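A quick write-up on the structure given underneath.
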Amino acid sequence: MKAVKRIDNDVENGKLEIKEKSIRNKMLVTVHNKALLSGIAYCISSCSMILVNKYVLSSYNFNAGISLMLYQNFVSVVVVSMLSFFGVISTEPLTLRLIKVWLPVNVIFVGMLVTSMFSLKYLNVAMVTVLKNVTNVITAVGEMYIFNKHHDSRVWTALLLMIVSAVSGGITDLSFHATGYAWQIINCFLTASYSLTLRRIMDTAKQVTKSGNLDEFSMVLLNNTLSLPLGLLLVLVFNEVDYLSTTPLLQLPTFWIVITLSGFLGLAISFTSMWFLHQTSATTYSLVGSLNKIPLSVAGIFLFNVPTSLDNTASIFFGLLAGVFFARAKMQEKSQS
């Protein structure tokens, strides 16, 4: 009888082990599926946003980039506010203390978006993605002087390759436009400044919130809400009002559909990037972001019939690979530290 009971117990224990393994495998598959799905969603939204903006600015020949940015941010504010109102997400209330702390970062944020619009108007998508690599160089130098953070030789080698690819890409660019390059260089400095300033301001901003925290949704609402009055001021300074009052584009329903879609895509980038980061890690996110530039550049060349040469194409892909090498070098540097 004891032997029979022992056998029954062994059988039951075996069944339990099989069930536990089955549950663990299912959970593992679910985690991998969520990571894959979030990564795909992030790649699609980030690529689509740049391509749609390029389409609006170039194919429609829309000459009011600040107004486009303003409308996109307005769409983001409306959507996030509605989600917060219906309890789908939670956001921090915009207090006067929080606004005072965040305003310097927001000025840089608005400048970053505006210069991005201006550069995309004159440059092709592939060259914009390669030139954006210069931001990594400026950020690395800023980290060294501001945060006393030192990088290893692999990171500096990758950064040097990025500079070489940007210079060679500009020299061989058949559609070279000095104005576009000037705006993109300014954009690189502003993007690096935003990244470096955000790290210093985040801790201070958390101290003045009611919950002591500041999540991605609250940052999206805060940044986009504060950008509206600054955007309106820039629209008046750059005299886009006269253009908006005369352009026939605002009478086209399809144009409104496209720019509204761009607003939703801008919001989708914020949400999908947060989702992807939650499912994976910062290093994976960085690597996927670098790899994502390759299909984006190819799509930009073919969709907009960009005149190019073998030398320019080689420079572009050299820069894209340098971006991937930089992400890998940062991953290795982080694992060693």
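The values are calculated or read from the model by the stated rules, or taken from the named source; none is laboratory data. Remember, it's a predicted structure, so these values are computed and weren't measured experimentally. Glycine gets a Cβ as well: all are built from the backbone with ideal geometry, and neighbour counts include every protein chain shown. For accessibility, only protein heavy atoms count, side chains too; no ligands or nucleic acids. Shrake-Rupley method; radii C 1.70, N 1.55, O 1.52, S 1.80 Å.
Restricting attention to the range 129-141, report how many residues are part of a helix (DSSP H, G or I) and either of a type in the set (Ser, Thr, Tyr) or open to solvent by less than 10 Å² (accessible area, probe 1.4 Å) (or both). Spell out how you get there, then give the answer.
Filtering the range 129-141 down to residues part of a helix (DSSP H, G or I) leaves 129-131, 134-141.
Still in the list and also either of a type in the set (Ser, Thr, Tyr) or open to solvent by less than 10 Å² (accessible area, probe 1.4 Å) (or both): 129-130, 135, 139-140.
Residues that pass the stated criteria total 5.
What is the number of the single condition among (1) in contact (Cβ under 8 Å) with a residue 60 or more places away in the chain; (2) part of a helix (DSSP H, G or I) that Arg200 does not meet?
Every listed condition holds for Arg200 apart from (1).
Being touching a helix residue (DSSP H, G or I) at 6+ places or on another chain (Cβ under 7 Å), assigned to a helix (DSSP H, G or I), at pLDDT 90 or above and of a type in the set (Lys, Arg): is that true of Lys100 here?
When the stated conditions are applied, Lys100 does not pass them.
Within the range 232-265, track down each residue that is among the charged types (D, E, K, R) and open to solvent by 50 Å² or more (accessible area, probe 1.4 Å).
Hit for the range 232-265 is Asp242, nothing else.
Anything in the range 203-230 that is over 18 Å from the mean Cα position of the chain (by Cα) and open to solvent by 30 Å² or more (accessible area, probe 1.4 Å)? List them, or say none.
Asp203, Thr204, Lys206, Gln207, Lys210, Ser211, Gly212, Asn213, Thr225, Leu228, Pro229, Leu230
Hey, among Thr191, Thr179, which residue is assigned to a helix (DSSP H, G or I) and loosely packed, with under 15 Cβ neighbours inside 10 Å?
Thr179
Could you tell me which numbered condition Thr91 fails, if it satisfies all but one of (1) at pLDDT 90 or above; (2) not in a helix (DSSP H, G or I)?
(1)
Quick check on Leu249: is it touching a Phe, Trp or Tyr at 6+ places or on another chain (Cβ under 7 Å) and assigned to a helix (DSSP H, G or I)?
Yes.
When you go through (1) within 30 Å of Ser84 (Cβ to Cβ); (2) at pLDDT 85 or above one by one for His177, which number turns out not to apply?
Here His177 meets the rest and fails (1).
Give Ser58, Ser76 a once-over and let me know the one that is of a type in the set (Gly, Ala, Ser), surrounded by 21 or more Cβ atoms within 10 Å (Cβ to Cβ) and under 30 Å from Thr247 (Cα atoms).
Sole residue among the options that is of a type in the set (Gly, Ala, Ser), surrounded by 21 or more Cβ atoms within 10 Å (Cβ to Cβ) and under 30 Å from Thr247 (Cα atoms): Ser76.
Whether any residue in the range 266-276 is of a type in the set (Phe, Trp, Tyr), assigned to a helix (DSSP H, G or I), open to solvent by less than 50 Å² (accessible area, probe 1.4 Å) and modelled with pLDDT under 80 is what I want to check.
yes
Give the number of residues within the range 205-218 that are part of a helix (DSSP H, G or I) and out of contact with any Phe, Trp or Tyr (no Cβ under 9 Å at 6 or more places or on another chain).
Count: 3.
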